[in-house]
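Below is one structure, written out as structure tokens; the observations come after it.
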Amino acid sequence: MKGLFTRTSVIGAVALWSVAGLAASTSTTVSNAPASSGAVSETSIQDVAAQPKALPISAAAVNDFYGPALNDLGARQTADSAKDAVQPLNSRHQIGISYAIDESTKFTPTLDFSLNYTIPKGVENGERNFAWNDSYLKLSRAGLLDGKLGGNAVALDGDIRYMLPTSKGARDADSYGAVRLSLSPSMQIANSNFSIVATNYARIHMYRSVTENLSATRWKFYTGPQVNYAVNDKVTAFVLFEAVAAFDNQGYSNTTNDQLSLADLEPGVELNLHERVSLTPFLNWYTNQPISTTSINLNATIKML
């Protein structure tokens, strides 16, 4: 969901991290494809020994491009998360460099920024610009849990992040940043092509002065269950449902504001064009807005190292 990153105490989050065994989310989520036949590899011990050791450094860019409504492809705007509001055609970019502490644990500093490409019709103060989002430091661990449940393969990944106050909103609020804890369970349905994954996180924001930011977000909670169908090893169709709830420094919830869109539905198709490149066209419909506002979007993920 566009712009829906999360906001118990920092000590509580760190404690939960410790109990979970260094919680973090990379990619031990179960595969979308059915399990392999399990045939023994013909690679000899000598062949394995001769292979060069993989570098502990990797880099990737996750790019999301948000386009116009399906019924108005020439429009200069896309739906916003508030009723009767629009935003420019825009993109979000997250560029991270990971260091593999071990085969399951990574540390990933990530730059996060957005670009606006158009000025929506009727918006007098709009501009095409570059803007920082809250960049972050992420410690992630794959395979916190791994096993079987009723014949289905299950796994649990997790991560903890410190969100730097690099966005304009965070700087204006004199923020110390935020801490986010994520847990991502997944299940491969028996030997079928279906799988279920979900990302869930809680985020707490910290401010130099709470009294000067009473209406600013203190807590944010997100859940995003997704059903996948692996057509083959290159193509996966999916439907993602996202929901979010937030509470300000006075304890008031945004769920009382019926002008906000707190949930959306995203059907799409992931195309693995190369081991380093995937393209994912998807639609986005805010469920409390007319279906005519459904926008067409594109994710491009590139592994650079």
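Data for the structure
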quantity: Flag if Asp64 is within 27 Å of Gly158 (Cβ to Cβ), open to solvent by less than 80 Å² (accessible area, probe 1.4 Å) and not small (Gly, Ala, Ser); calculated: yes
quantity: Scan of the range 227-246 for residues that are in contact with a Ser or Thr (Cβ under 8 Å, 6 or more places away or on another chain), over 24 Å from Ser292 (Cβ atoms) and either open to solvent by less than 40 Å² (accessible area, probe 1.4 Å) or at pLDDT below 95 (or both), ordered by number; calculated: Asn228, Ala230, Ala245, Ala246
quantity: Unmet requirement for Ala69, which otherwise passes all of (1) modelled with pLDDT of 95 or more; (2) of a type in the set (A, V, I, L, M); (3) within 21 Å of the chain's Cα centre (by Cα); (4) open to solvent by less than 50 Å² (accessible area, probe 1.4 Å); calculated: (3)
quantity: From the options Thr118, Thr108, Thr166, residue that is among the β-branched types (Val, Ile, Thr) and closer than 21 Å to Ala246 by Cα; calculated: Thr166
quantity: Search result, residues across the range 171-199 that are in a loop (DSSP other than H, G, I, E, B) and either within 22 Å of the chain's Cα centre (by Cα) or of a type outside the set (S, T, N, Q) (or both); calculated: Ala173, Asp174, Ile189, Ala190
quantity: Conditions (1) outside any strand (DSSP E or B); (2) open to solvent by 70 Å² or more (accessible area, probe 1.4 Å): number failed by Ile97; calculated: (1)
quantity: Failed criterion for Glu212 (all others in (1) over 29 Å from Leu144 (Cα atoms); (2) assigned to a loop (DSSP other than H, G, I, E, B) hold); calculated: (2)
quantity: Considering residues of the range 247-272 that are surrounded by fewer than 14 Cβ atoms within 10 Å (Cβ to Cβ) and over 22 Å from the mean Cα position of the chain (by Cα) only, the residue nearest to Tyr66 (Cα to Cα); calculated: Gln259
quantity: Per-region count, the range 229-244, residues assigned to a strand (DSSP E or B) and over 18 Å from Leu283 (Cβ atoms); calculated: 2
quantity: Some residue of the range 78-93 being closer than 25 Å to Leu55 by Cα, among the β-branched types (Val, Ile, Thr) and open to solvent by 20 Å² or more (accessible area, probe 1.4 Å); calculated: no
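The values are calculated or read from the model by the stated rules, or taken from the named source; none is laboratory data. For clarity, every value in this text was computed on a predicted model and none was experimentally measured. Note that each Cβ is placed from the backbone with ideal geometry, even for glycine, and that neighbours are counted across all protein chains shown. Side chains are part of the model used for accessible areas, which takes the heavy atoms of the whole protein and leaves out ligands, DNA and RNA. Shrake-Rupley method; radii C 1.70, N 1.55, O 1.52, S 1.80 Å.
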